[in-house]
Amino acid sequence: MTVFLWKSFHRMPNSRLLWQRTMSLYNHTHGFEEKEIKKKLQQFTGGSINLSKKEDGIGILTLNNPKLMNAFTGTMMIELQEKIAELENWKDGKGLIIHGAENTFCSGSDLNAVRLLSSPQDGMNMCMFMQNTLTRLMRLPLITVALVQGKVLGGGAELTTACDFRLMTPESEIRFVHKQMGLVPGWGGAARLVHILGSSPALRLLSGAVEVQPESALHIGLIEAILSSSDEPLEETCTWLKLHTKGPAEVIQAVKKVILAGRELPLETALKTEMKIFGTVWGGPANLEALTQRTKHK
């Protein structure tokens, strides 16, 4: 009976188990023209977004534009969307680490693109494009970690808030510098920061453009841990993440999905969604194996 139920739930389309993770927040009804903004973003070339997927189910996504402290060019914004779309379909995936090349995370947007996309309509379209992309990152069925190294500024700071966890190296800092640019966060960073810290701490970081050092970040709950050194931060982050990704991919992904449901959906809907996700693993291979082995909890 349990096997029959598991197969029945497992055959349910993902849209019936959870809202569409790939669904855009914005479309043409909001004045968002994705094709048009992509054409404009493609004019601002340089850098790359690199993705490697390891056999243990952990992906490594690298922001690679070290000449500009890994700032996002237009083509990098488009590549980020493409890599996230690839990760959405990674059946064996369990975790993802986002980091920057050459010991720096990200300094935000390439200012050349910002200057030339200065019209309100272009700005709004870029804002909606990046909000769509980072929301899809946040909703990935993978446990995500931002490896914070060096100076993390503006849009780079916003990117860290789209990850489940943040780890910092001892010499790094996070700073929401938007106010000093005459702006506010536009990639969803403010809304996510409120969810992470609460409204008062988030307001202090944004209104003061505060330089958040590792100890302060840990104290206010912005990060999970300070890495022991800056020598092998990626390896240390992989070790940390493996504590949370031990087990079959379908179980890890189910864990992430129930958390997403609880965070984003009304309580009654979240409960029903949790029940449906539960049905995909109850009586499944991992569950039956644990029962056969009489797994004990120490």
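The values are calculated or read from the model by the stated rules, or taken from the named source; none is laboratory data. These figures come from a predicted structure and were not determined experimentally. No Cβ is skipped: glycine too gets one built from the backbone with ideal geometry, and neighbour counts run over all protein chains shown. Note: accessible area is taken over every heavy atom of the protein model, side chains too, but ligands, DNA and RNA are not part of it. Shrake-Rupley method; radii C 1.70, N 1.55, O 1.52, S 1.80 Å.
Structure notes:
- Of the strands (runs of 3 or more DSSP E) lying entirely inside region 102-192, those carrying at least 1 residues that are closer than 30 Å to V251 by Cα are 143-148, 165-168.
- When region 260-271 is filtered for residues that are in a helix (DSSP H, G or I), surrounded by fewer than 18 Cβ atoms within 10 Å (Cβ to Cβ) and either in contact (Cβ under 8 Å) with a residue 24 or more places away in the chain or over 25 Å from the mean Cα position of the chain (by Cα) (or both), the ones remaining, listed by number, are R263, E264, E268.
- If you filter region 20-57 down to residues that are closer than 30 Å to G283 by Cα and buried (at least 16 other Cβ atoms within 10 Å of the Cβ), you find that the one that is modelled with the lowest pLDDT is R21.
- Residues that are surrounded by fewer than 23 Cβ atoms within 10 Å (Cβ to Cβ) and of a type in the set (G, A, S) were ranked within region 79-112; the one that is nearest to K38 (Cα to Cα) is A85.
- Residue count for region 120-166, restricted to those that are open to solvent by 10 Å² or more (accessible area, probe 1.4 Å), within 13 Å of the chain's Cα centre (by Cα) and among the aliphatic types (A, V, I, L, M): 2.
- Some residue of region 230-242 being at pLDDT 95 or above, basic (K, R), surrounded by fewer than 19 Cβ atoms within 10 Å (Cβ to Cβ) and assigned to a helix (DSSP H, G or I): yes
- Hey, T104 polar (S, T, N, Q) and touching a Leu at 6+ places or on another chain (Cβ under 8 Å) or not: no
- Tally, over region 163-173, of residues that are in contact with an Asp or Glu (Cβ under 8 Å, 6 or more places away or on another chain) and within 11 Å of A217 (Cα to Cα): 3
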